[in-house]
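Inspection log for the structure reproduced underneath, given as structure tokens.
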Amino acid sequence: QVQVEESGGGLVQAGGSLRLSCAASGRTFSTYAMAWSRQAPGKAREFVAGISRNGEMSYHADSVKGRFSISRDNAKNTLYLQMSSLKPEDTAVYYCALRTGTSVRTSSGAYDYWGQGTQVTVSS
């Protein structure tokens, strides 16, 4: 069984920054490709960023490219999402997801394990 827990969400003003963290336990962290997704009220879940098992390859959605950066520290079993230049439209619950594969996928259905999410609210 894999446990996934996000942290680091909160309330921030537009233009501000936050760093989300995701801790995973239960199996070898480095065997998973990982991703961040988000879901705003009344909207479908949206892929935000993903990273390969070894961290060498990453992908960011166009909506966050240049503002968000995904990274991982396999020694610490932790995934990160550095968010800067935040906008009110970034307000959502952010979820961490893991998949037992090498490559990044943008489809939510490709991921095997999910955390409970952390709320990010950006005020204008």
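The values are calculated or read from the model by the stated rules, or taken from the named source; none is laboratory data. In this text the structure is predicted, and so the values were computed from the model without any measurement. All Cβ positions, even for glycine, are placed from backbone atoms using ideal geometry, and neighbour counts span all protein chains on display. For the accessible areas, the whole protein counts, side chains as well, though only heavy atoms, and no ligand, DNA or RNA atoms are used. Shrake-Rupley method; radii C 1.70, N 1.55, O 1.52, S 1.80 Å.
Can THR78 be described as within 25 Å of GLY42 (Cα to Cα), of a type in the set (S, T, N, Q) and under 14 Å from the mean Cα position of the chain (by Cα)? When the stated conditions are applied, THR78 does not pass them.
Could you go through region 111-120 and let me know if any residue there is closer than 20 Å to GLY15 by Cα, touching a Ser or Thr at 6+ places or on another chain (Cβ under 8 Å) and polar (S, T, N, Q).
The answer is yes, given that some residue of region 111-120 is closer than 20 Å to GLY15 by Cα, touching a Ser or Thr at 6+ places or on another chain (Cβ under 8 Å) and polar (S, T, N, Q).
Which residue is modelled with the highest pLDDT, if the candidates are limited to region 73-124 and must be in a loop (DSSP other than H, G, I, E, B), hydrophobic (A, V, I, L, M, F, W, C) and surrounded by 15 or more Cβ atoms within 10 Å (Cβ to Cβ)? Looking at residues that are in a loop (DSSP other than H, G, I, E, B), hydrophobic (A, V, I, L, M, F, W, C) and surrounded by 15 or more Cβ atoms within 10 Å (Cβ to Cβ), I get LEU86. Would you check if there is a residue in region 49-60 being assigned to a loop (DSSP other than H, G, I, E, B) and touching an Asp or Glu at 6+ places or on another chain (Cβ under 9 Å)? Yes, region 49-60 contains a residue that is assigned to a loop (DSSP other than H, G, I, E, B) and touching an Asp or Glu at 6+ places or on another chain (Cβ under 9 Å).
Take the conditions in contact with a Lys or Arg (Cβ under 7 Å, 6 or more places away or on another chain) and closer than 14 Å to GLU6 by Cα and apply them to LEU79. Does it pass? Yes: the conditions hold for LEU79. If you go through region 62-72 and keep only what is polar (S, T, N, Q) and part of a strand (DSSP E or B), you end up with SER69, SER71. Applying a threshold of 9 Å to beta carbon distances and a minimum spacing of six or more residues, or different chains, the list of pairs starting in region 100-112 at a residue that is on the phi > 0 side of the Ramachandran plot and ending at one that is open to solvent by 50 Å² or more (accessible area, probe 1.4 Å) and not polar (S, T, N, Q) is empty. Name the residue that is surrounded by the most Cβ atoms within 10 Å (Cβ to Cβ), counting only residues in region 12-48 that are of a type in the set (Gly, Ala, Ser) and outside any loop (DSSP other than H, G, I, E, B). Among them, the one singled out is ALA35.
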